[in-house]
């Protein structure tokens, strides 16, 4: 993924986002699907499904790894301050 900034128009309902506490990933040769689910003691509600081309799924994994590394470094720094 490039570092260029995208101008994105966002519907106000979408901008609020949805909460998910679990997910299911499935794939075929042509696509990777991620179902984001809200799971509670009564039911499992599909919040949203994202379908990606495998190449875009690989890019997503790379970006998530980078963000998680930043999170870990930040957490480590905070723990060392306390």
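Kindly establish whether residue 6 is without any contact (Cβ under 8 Å) to a residue 24 or more places away in the chain, surrounded by 10 or more Cβ atoms within 10 Å (Cβ to Cβ) and out of contact with any helix residue (DSSP H, G or I) (no Cβ under 6 Å at 6 or more places or on another chain).
no
Residue 41 is checked against (1) in contact with a strand residue (DSSP E or B) (Cβ under 8 Å, 6 or more places away or on another chain); (2) within 14 Å of residue 22 (Cα to Cα); (3) free of Cβ contacts under 8 Å to residues at least 24 places away in the same chain and fails just one. What number does that condition carry?
That leaves (1) as the condition not met.
FYI, it's all coordinate maths here, none of it is from the lab. It should be emphasised that the depicted structure is a prediction, and the values quoted were computed from it without experimental measurement. Positions of Cβ are generated from backbone atoms using ideal geometry, with glycine treated the same way; all protein chains shown enter the neighbour counts.
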